[in-house]
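Take a look at the structure below.
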Amino acid sequence: MTVETRPEGFPDPPLKKELPPLEDPSEAKTRTCCTRNVKMFLVALSFTYFSKALSGSYMKSSITQIERRFEIPSSVIGVIDGSFEMGNLLVLPLVSYFGAKFHRPKIIGAGCMLMSIGTLLMALPHFLMGHYKYETTISASTNSSTASFPCSQDPGQLTELEAQQQYSRIAGCEHDGGSLMWVAVLLGNVLRGVGEATITPLGISFIDDFASPENSAFYIGCLHTIAVIGPLFGFTLSAFCARLYVDIGFVDLGSIAISMKDSRWVGAWWLGFIIAGGTSLLSAFPFFFLPKTLPKEAGPEKDSSTTAEQNLLQGNQQTNATDEQPKLIDVAKDFLPSLKRLLTNKIYILYLTANIIMVNGVIILITYTPKYLEQQFGESASKTNFLIGVTSMPAVSLGIFFSGLIMKKFKLDLLGAVKVGLGTAVLGSLCILPYFALACENTEIAGLTVSYAGTGISDLESRVLVACNSGCGCPVNQWEPVCGENGMTYVSPCFAGCNISRGSGKNTTFHACRCIEAFPKSGSGNFSAVLGQCPREEKCSRMFIYYLVFLSLSFFILSLGSMPIFIVNLRCVDPELKSLSVGMYTLALRAFGGIPAPIYFGALIDSTCMKWGTKKCGGHGACRVYNNVSFRLLFIGLILGLRLLGCIFLGFVIIQMKKFTRDHRKTSTEVKVFLKQDMRNSVLPEQKPTGLSEKEVETSA
């Protein structure tokens, strides 16, 4: 047997290593594509933002329909609208702090399911109540061959008080159970708010944790941009539902004697809540398939060839390290100290105060703009909601998108972000000033806004009763407006002194109206009236378009500062307090903006009401006519005042930031000088290392 020998000093040949089997490129590509990352979470969260914005905007745009359906004043509808924020307050602090310690995607999914249940509950009263009965004295069975006498000259007729009592005593009134059905809408809105409380603080902090710093602001901007599409669909859906009669499919639409512009018209408000509830339910499912943690995105300075592998390894290690759920007691111990650190941050408190003030104005603007446009320009709810959706919502979406690009392009620091937010707030406020001029005067309604002769009036009780209708015994609470041939609107055919009615439903006409005869239009001998209020003057339609243009411009400018202002919330606090700061920010906006704003402004709107509707069983219902001048001054003046006050506090934020920066630089300089002196004193000349220059000593210090 021959033994191979080698000369001394030569190394042994390297051992043969077995190469791993070649991997199929298609399989590697599939595994890379299916790796769960922050972009997958962003897609799921974007659809959730869309669904919650859809249901929220639909609620805002349908408050007029809900108000009329349940015959409640604006102050009560403000409580219903604010109940969403109340639901947020019940769980938001706990979700913001404790939720960040557990499986955030699954908590968000559970919140979406609660939001869906609450939205569907809001539609339930429609199926439990009877058919909508608006106040009217016109018989649906009347045809053109018959005639009735709204204003009888029979001296033996009922007195005014007896007529009013008879008007309010309708058969079956004592069995009416719809008067408190609005409570179910309130409870559903509360539940919707409880579910929505999980989405913003946990979703935003989740993205900020696993996205690279360069992409975080851009992702959040994209998120809010997609979310603004929700209101676009919400307002469009509301416009569609407002065109449909509330009891569509159950009543003969030919017997309906009111049009969409009538203040008694109620659309199919319940239908949109069913659609929005189903959308929220669909948005819940993706979150149950996402992991607790995701691989951290790499910044642009890292090598892209090794980034995916390193991130995947890091994500796996983090997942294994956090498989064990933290103990609730340990998490609770840190809550109060963390809250104290947050609330003693002066910049955060001033920033929070400025946002609370401005959010009050935003909530009032969003909640009551449809109602304001209906009353101010005499447009239907369907047309108003549709035009708001197609003009204002795209402007908001573009503004938010560009605000994210601004943050990414210019890499704004905290001070720069606040300056951008202040500048956009001031410019947006200037766009509100034309609103004061873009308005219509009060509609000429005999006995309410003008006298029967067309002059001004002051006394409420004596205005509607004049000589031409004094013998008619008209119920003073009646509201069934008719437009006289003389261009004047009357509260009802009875108050117009009409003696004959012909036709049925919307085609009913009234003739021999004594009040029109007493104050005729020059050159006319026709003393008739038709159902509905008289149309507004032509310039009102032009002003309505101009108003929408300035509204869109104002929304766009304000939205340009949305992302810079929001990023301040994340960057002005310690990194471990980000989730809590977002939660407290949202909590404060709900508590001091979302809840009180619609309530106190709803009460202010009620103070401008000139004619209240009457409930089926008596008592005040929804308002039929507002004083346009008072409404306009309250609406625009309050919004402008709140926005300017918020700008003042943003100025205080800038001052505090500059002061903090100066103090920080001064402290840093003192520390550097101290370290440099300490280094020089500790290194004696004979011990000084060879080749260590004075500059290197300063650098090491």
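Worth a mention:
- Condition met for Ile565 (closer than 30 Å to Gly416 by Cβ, of a type in the set (Val, Ile, Thr) and either without any contact (Cβ under 8 Å) to a residue 40 or more places away in the chain or part of a helix (DSSP H, G or I) (or both)): yes
- Restricting the stretch 554-588 to residues that are at pLDDT 85 or above and of a type in the set (A, V, I, L, M, F, W, C), the residue that is most open to solvent (accessible area, probe 1.4 Å) is Phe556.
- Within the stretch 622-635, tally of residues that are open to solvent by less than 10 Å² (accessible area, probe 1.4 Å) and of a type in the set (S, T, N, Q): 1
- Options Ile204, Ile256: the member that is buried (at least 18 other Cβ atoms within 10 Å of the Cβ), in contact (Cβ under 8 Å) with a residue 12 or more places away in the chain and either closer than 14 Å to Ser62 by Cα or more than 24 Å from the chain's Cα centre (by Cα) (or both): Ile256
- Within the stretch 423-437, tally of residues that are closer than 15 Å to Ser559 by Cβ, assigned to a helix (DSSP H, G or I) and open to solvent by less than 40 Å² (accessible area, probe 1.4 Å): 5
Conditions tested, residue by residue: (1) within 30 Å of Phe652 (Cα to Cα); (2) at pLDDT 65 or above.
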site	(1), (2)
Ser283	no, yes
Lys302	no, no
Gln318	no, no
Asp323	no, no
Asp334	no, yes
Pro337	yes, yes
Leu352	yes, yes
Asn355	yes, yes
Val359	yes, yes
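- Being aliphatic (A, V, I, L, M) and under 14 Å from Pro370 (Cβ atoms) holds for only one residue in Leu237, Leu232, and it is Leu237.
- Residue selection: Glu135 fails the criterion of being modelled with pLDDT of 85 or more, open to solvent by 10 Å² or more (accessible area, probe 1.4 Å) and out of contact with any helix residue (DSSP H, G or I) (no Cβ under 7 Å at 6 or more places or on another chain).
- Whichever residue in the stretch 72-81 is of a type outside the set (A, V, I, L, M) and surrounded by 24 or more Cβ atoms within 10 Å (Cβ to Cβ) and, among such residues, is farthest from Gln375 (Cα to Cα): Asp81
- Restricting attention to the stretch 332-357, the residues that are of a type in the set (Gly, Ala, Ser) and in contact with an Asp or Glu (Cβ under 8 Å, 6 or more places away or on another chain) total 1.
- Filter pass, Gly404 being under 14 Å from Met563 (Cβ atoms), in contact with a Gly (Cβ under 6 Å, 6 or more places away or on another chain) and of a type outside the set (Lys, Arg): yes
- Test: residue in the stretch 612-620 that is modelled with pLDDT under 90, out of contact with any helix residue (DSSP H, G or I) (no Cβ under 7 Å at 6 or more places or on another chain) and under 20 Å from Gly378 (Cα atoms): yes
- Matching option when the condition is in contact (Cβ under 8 Å) with a residue 24 or more places away in the chain, within 23 Å of Ser392 (Cα to Cα) and open to solvent by 10 Å² or more (accessible area, probe 1.4 Å), among Leu638, Leu551, Leu645, Leu604: Leu638
Rundown of residues vs (1) within 18 Å of Leu422 (Cα to Cα); (2) open to solvent by 10 Å² or more (accessible area, probe 1.4 Å), yes/no style:
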{"residue": "Asp334", "(1), (2)": "no, yes"}
{"residue": "Arg341", "(1), (2)": "no, yes"}
{"residue": "Tyr351", "(1), (2)": "yes, no"}
{"residue": "Tyr368", "(1), (2)": "no, no"}
{"residue": "Gln376", "(1), (2)": "no, no"}
{"residue": "Thr391", "(1), (2)": "no, yes"}
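- Only residues that are in a helix (DSSP H, G or I) and open to solvent by 10 Å² or more (accessible area, probe 1.4 Å) were counted in the stretch 589-601, giving 7.
The values are calculated or read from the model by the stated rules, or taken from the named source; none is laboratory data. Quick caveat: nothing in here was measured; it's all calculated off a predicted structure. Using ideal geometry, Cβ is built from the backbone for each residue, glycine included, and neighbour counts are taken over all protein chains shown. Accessible surface areas use protein heavy atoms only, side chains included; no ligands, DNA or RNA. Shrake-Rupley method; radii C 1.70, N 1.55, O 1.52, S 1.80 Å.
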